[in-house]
Amino acid sequence: MKAKKHNHNDDFFNESGEGVIKKDTVYFKGTYWKIGSAESFKDGDKVRVTGTKGSVAFVEKL
């Protein structure tokens, strides 16, 4: 009997979700990320993270 082949995505950070702005960074999935957006944010703003690349999170205001 053969085992089923599964595709695994080890890059779980490259997902969307909600984050919060803290000290000019985005707190998302237990990690602080640089903000990849031209919008201005202030501490406490809730944002939607649309993706990540390297140490940058791409965000938009909720």
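The values are calculated or read from the model by the stated rules, or taken from the named source; none is laboratory data. In this text, all values refer to a predicted model and were calculated from it rather than measured experimentally. Quick reminder, even Gly has a Cβ in these numbers, built from the backbone with ideal geometry, and neighbours come from all protein chains shown.
Side notes on the structure shown:
- Residue list for segment 1-40, filter: modelled with pLDDT of 95 or more and either of a type in the set (Lys, Arg) or not in a strand (DSSP E or B) (or both): Lys22, Lys34
- Near pairs, Cβ below 6 angstrom, 6+ apart or cross-chain, from segment 31-50 (farther than 9 Å from Gly19 by Cβ) to any residue that is of a type in the set (S, T, N, Q) and in a strand (DSSP E or B): Tyr32/Thr25
- Scanning segment 35-54 for residues that are within 10 Å of the chain's Cα centre (by Cα) and exposed (fewer than 13 other Cβ atoms within 10 Å of the Cβ) turns up just one, Lys53.
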